[in-house]
1. Of 141, 161, 101, which has the largest mean-square fluctuation in a 10 Å C-alpha GNM of the chain?
2. Which of 102, 185, 11 has the fewest other C-beta atoms within 10 Å, and how do the rest follow up to the most?
3. Give, as ranges by residue number, the residues of segment 10-49 whose backbone N falls under 17 Å from the point 7 Å along Cα→Cβ of residue 148.
4. Using the Cβ atoms and a cut-off under 15 Å, what net charge is assigned to the surroundings of residue 15, where Lys and Arg are +1 and Asp and Glu are -1?
5. Based on Cα positions only, what radius of gyration and what Dmax would you give for the chain, in angstroms?
6. With springs connecting C-alpha atoms under 10 Å apart, model the chain as a Gaussian network and identify which of 154, 140, 71 has the largest mean-square fluctuation.
7. Compute the signed sum of charges (Lys and Arg +1, Asp and Glu -1) over the other residues within less than 9 Å, Cβ to Cβ, of residue 115.
Amino acid sequence: MANVNAPFGLRPVKTINGASWNDQGNLYHIPAGDTSAYYIGDVVKSAANADANGVPDVAKAAGTDVLRGVIVGVLASVPYGTSLQGATLDLANTFIPATKTRDYYVMVNDDPETVFECQGDATATNQVAANSNKNASLTITAPTAPGQWSNTVISSSTINTTNTLNMKLMGLAQKPNNAFGAYARWLVKINLHELAGGTAGI
């Protein structure tokens, strides 16, 4: 049976030591002036700013960037204060629009030891067993409306031994109806991570 084309960006599944992911992340800020759209499963990088309370900014990452982590949640309102009474809650969407009328806050899995699941692209050529321990970069794609999940996938044409590629392939996700070839679902770890040590500040 052919693999299903249903991208979801990067989905955390476990840590490198085999423990389950604990469904937690850290809080980051995206200012109203930012012009990118964000979806759960998108990769982000640090930005040189923070909100008035010191929550650091993140920005949309390109497919080859050094990464801060992956968006795992979008908050419905500003996360401060003792009460949400009178707050404007945005419960309808799980994404952040490119044109914003307010600041947004996201939960980011920024643990460099996390293992994610990510779908490969439409080209089967390099999505083979012999490439299971190589590196790759990402193709960043927004979903088609009304989709609200990241469409980011592994860029199969970039799979190589090069140490500057930002994703580490760790074999296929062990689940039914998943095989090498187009749209394979890979287990991956961020190879170029801002919190892994030795990276420059912003």
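1. The residue that fluctuates most here is 101.
2. Listing 102, 185, 11 from fewest to most nearby Cβ atoms yields 102, 11, 185.
3. Output list for this probe position: 37-42.
4. -1
5. 17.2, 57
6. 140
7. Once all neighbours under 9 Å are counted, the net charge is 0.
Any read-out appearing in this document is the output of simple, stated calculations on the displayed coordinates, not a laboratory observation. Note that the coordinates shown come from a computational prediction; the quantities given were computed from them, not determined experimentally. No Cβ is skipped: glycine too gets one built from the backbone with ideal geometry, and neighbour counts run over all protein chains shown.
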